[in-house]
Amino acid sequence: MEHPENSEAYKGLKVNDGVEALGPVNPYLASMRRKKAVPLSVNDYVEGIMRGDVVVLSRAVTLLESLLPEHQTMAQEIVERCLPYSGNSLRLGITGVPGAGKSTSIDAFGMYLLSNTDAKLAVLAVDPSSERSKGSILGDKTRMERLSVHPRAFIRPSASAGSLGGVARKTRETIILCEAAGFDNIFVETVGVGQSETAVYSMVDFFLLIQIAGAGDELQGIKRGIMEMADGIVINKADGDNVDEARRAAVHYRNALQLFPMPASGMRPEVLTYSGFFDLNIDKVWEMINGYVDKVKINGAFDERRCYQQKYWMYEAIDEQLKSRFYTTPGMQEMLSHHEQLLLQGKTTSFAAASKVLDFFDKSCNGR
């Protein structure tokens, strides 16, 4: 291409033609470009999940997490058809304060399980969502280096989306899909932000609380709510110079547990020390978990807990659907904006405005 800048009118100024853009260094790059996924039917999803196809399973979980009405309808049908093939796994909930080593511990626990049995493991890791951007890093896989490449492990990070206890809204249904896919061990990792952990407790068979020693006042970790829900307590990072301090922390927790009433399971939580980073005493932790599960299955507490969980999630679904119907009621957004303005102008109170809005919702429901 001839540049006009090279003419006699622009003496002393020269513009080069440049070079042609080079292609990719890797000649196979073009053939490896990701092709658009072919849409699947409900039958395709169910059949893929039943044969243990993790790609289909991942797509089904994505469908569950979608907010599109057509995706939700399809996802619910998939869950219902997979439901008869679920319920045969050990569901382990893992929580703890940030920095306690939850992801590292899950990597250690999972590798011990897969190395000593022929089990399959699904890890549902929940990352906190930003209240501003609503985004999440979803970086738990980077801290589970061994599990992330194991052929019998499936790791699915999900955004908490502001749900109670840091548990993703659809984690309950994801467990059902994973069990139908043949995963007989399910780990659910929570955010561990100190909020109520009722949600994760109400979907697992064993609730493991991970603590660390030397993080300040020992009484800071002895919180009645979380301690009463824990089925077992483990003190991480019991290695090197921290071994004695971890053992002292374990004594504090054991003494505190003696002050609590006996759990409904009839099993008082054990307190152990271990190191997830150095794989120390991981076998002891698994002995505690398996021993607990064996005993509660004998005394009937295992089945009672699962029945309680079914009822709990029915009411949770009711709350969720009521909230959704409330905000999607025709004219609701206008009604809310109107009462917001009255509130800001000092012409009404928060409670009076809420009462008016709820009355509008009731009338809308009765008029349908």
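Taking trypsin sites (Lys or Arg not before Pro) across the stretch 33-118, the ones in a DSSP loop with at most 15 further Cβ atoms lying within 10 angstrom of their Cβ are ARG33, ARG34, LYS35, LYS36, ARG51.
Each of LEU272, ALA246, TYR327 was placed along the dipole of the stretch 231-368 (beta-carbon charges, centred on the mean Cα), and the one lying farthest toward the positive end is TYR327.
A simple spin-label model places pseudo-atoms 7 Å from Cα toward Cβ; at TYR312 and VAL19 they are separated by 6.4 nm.
Note on ARG146/GLN333: beta-carbon distance plugged into 1/(1 + (r/R0)^6) with R0 of 51 Å gives a FRET efficiency of 0.55.
Label separation (LEU342 vs ARG268): 5.7 nm, computed from points 7 Å beyond Cα along the C-beta direction.
May I ask you to compute the full-extension gain from ALA352 to LYS323, defined as 0.36 nm times their residue separation minus their alpha-carbon distance, rounded to one decimal in nm? Present the calculation step by step, with values, prior to reporting the outcome.
Values: separation 29, 0.36 × 29 = 10.44 nm, distance 1.93 nm.
So the extension gain works out to 8.5 nm.
Extension gain for ASP118-LYS363 works out to 82.4 nm (0.36 nm per residue, less the C-alpha to C-alpha distance). Exposure proxy for SER202, SER350: other Cβ atoms within 10 Å of each Cβ, ordered fewest to most, give SER350, SER202.
Among VAL61, VAL42, VAL56, what is the fewest-to-most ranking by other Cβ atoms within 10 Å? Intermediate values should be presented prior to the final figure.
On the way: VAL61 23, VAL42 16, VAL56 20.
Least to most surrounded, the residues fall as VAL42, VAL56, VAL61.
The modelled label-to-label distance between LYS284 and VAL55, using points 7 Å beyond Cα along the C-beta direction, is 4.5 nm. One Cα centroid belongs to the stretch 68-90, the other to the stretch 248-262; the line between them spans 40 Å. When LYS356, LYS170, LYS297 are sorted by how many other C-beta atoms sit within 10 angstrom of their C-beta, beginning with the fewest, the order is LYS297, LYS356, LYS170.
Remind me, relative contact order of the stretch 261-355 in percent, using alpha carbon pairs under 8 angstrom and six or more residues apart?
Value for the stretch 261-355: 15 percent.
Counting Lys and Arg as +1 and Asp and Glu as -1 over every other residue whose Cβ lies under 14 Å from the Cβ of TYR292, the net charge comes to +1.
Any read-out appearing in this document is the output of simple, stated calculations on the displayed coordinates, not a laboratory observation. Fair warning: this is a prediction, and the values are worked out from it, not measured in the lab. For neighbour counting, all protein chains shown are included, and Cβ atoms are generated from backbone atoms with ideal geometry for every residue, glycine included.
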